[in-house]
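Reading through the structure tokens given below for one structure.
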Amino acid sequence: MTPRRIAVVIGHPDPAPERLCRQLAAAYAKGAEEAGHAVRTLDVAVLEIPYLRTKVDFETGTSTGDIASAQETLAWAEHWVILYPLWLGSMPAMLKAFFEQVGRPGFAFRYRDKGFPEKLMAGRTAHIVVTMGMPALAYRWFFFAHSLRALKRNILAFIGVKPVGETIIGGVDGLTAEKVAALMAKMRAAGASAR
Ligand SMILES: Cc1cc2nc3c(=O)[nH]c(=O)nc-3n(C[C@H](O)[C@H](O)[C@H](O)COP(=O)(O)O)c2cc1C
């Protein structure tokens, strides 16, 4: 398979290595690198991410520091793997803050005089991995996977990233060692095939 350039975005605010999201991200990266893909990691727990406060800043502000380097990595990558824990039904605030910063016009999309904005990230694909306490079926069929849908449609599709795969991992508090091992193997395989 042709080697791909992959950005792994760890959307967990907690830097502790035992967090499931971090272990899944590491397994994905390992599988990808072993298969010859190039991997760069963006970790919201260690990046300096200011809160966006105004529309004027969103539209005319300049990205600097960690945000500018993160944009460089996202532009370099052909495939983004975004992992996060479900917090209060959505992505953690730090990950949302990250997308508000990197998703600025001029980088992620461009306003046009008429019609839809131009999607500047077109050509890239993504895979979202979300972990949660509730059963995956409840999230998908009772809550209609709303935060995952919002990330897919309101952020990624808006800037041209598609198709977007998804892995929903529920019931994380009751995972057995066997189940965790199976999840790691699944992530390694996903990394190996860069999906
Ligand atoms: C602040 C907070 C809010 C949470 N909200 C939800 C929630 O709305 N629904 C849910 O199913 N689990 C919720 N959880 C459970 C987390 O999704 C779960 O602990 C996480 O996916 C485990 O992965 P980790 O080891 O990478 O943190 C919440 C956990 C925390 C700490």
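Bear in mind these aren't lab numbers, they're just calculated from the coordinates by the rules spelled out. As the structure is a computational prediction, the values presented were derived from the model and not from experiment. As a convention, Cβ positions derive from the backbone with ideal geometry for all residues, glycine included, and neighbour counts pool all protein chains shown.
Applying the criterion of being of a type in the set (A, V, I, L, M) and more than 8 Å from the ligand (Cβ to nearest atom) to the residues of the stretch 125-137, the residue that is farthest from Ile168 (Cα to Cα) is Ala126. Is it the case that the stretch 160-169 has a residue that's away from the ligand (no atom under 16 Å from the Cβ) and surrounded by 18 or more Cβ atoms within 10 Å (Cβ to Cβ)? Checked against the condition, which is being away from the ligand (no atom under 16 Å from the Cβ) and surrounded by 18 or more Cβ atoms within 10 Å (Cβ to Cβ), the stretch 160-169 yields at least one hit.
Within the set Leu95, Leu137, Leu83, the sole residue that is buried (at least 21 other Cβ atoms within 10 Å of the Cβ), of a type outside the set (Phe, Trp, Tyr) and assigned to a helix (DSSP H, G or I) turns out to be Leu95. Consider the stretch 140-158 and keep the residues that are outside any helix (DSSP H, G or I) and either farther than 20 Å from Asp173 by Cβ or in contact (Cβ under 8 Å) with a residue 40 or more places away in the chain (or both). The one that is nearest to the ligand (Cβ to nearest atom) is Phe143.
Return yes when Tyr111 is touching a strand residue (DSSP E or B) at 6+ places or on another chain (Cβ under 8 Å) and loosely packed, with under 14 Cβ neighbours inside 10 Å and no when it is not. It is true that Tyr111 is touching a strand residue (DSSP E or B) at 6+ places or on another chain (Cβ under 8 Å) and loosely packed, with under 14 Cβ neighbours inside 10 Å. Is the stretch 42-50 home to any residue that is of a type outside the set (A, V, I, L, M) and either in contact with a Pro (Cβ under 8 Å, 6 or more places away or on another chain) or not in a loop (DSSP other than H, G, I, E, B) (or both)? Among the residues of the stretch 42-50, at least one is of a type outside the set (A, V, I, L, M) and either in contact with a Pro (Cβ under 8 Å, 6 or more places away or on another chain) or not in a loop (DSSP other than H, G, I, E, B) (or both), which makes the answer yes. Of the residues Trp80, Trp87, Trp76, the single one that is aromatic (Phe, Trp, Tyr) and within 16 Å of the ligand (Cβ to nearest atom) is Trp87. Every condition in (1) part of a helix (DSSP H, G or I); (2) farther than 22 Å from Pro3 by Cα; (3) not aliphatic (A, V, I, L, M) holds for Lys186 except the one numbered (2).
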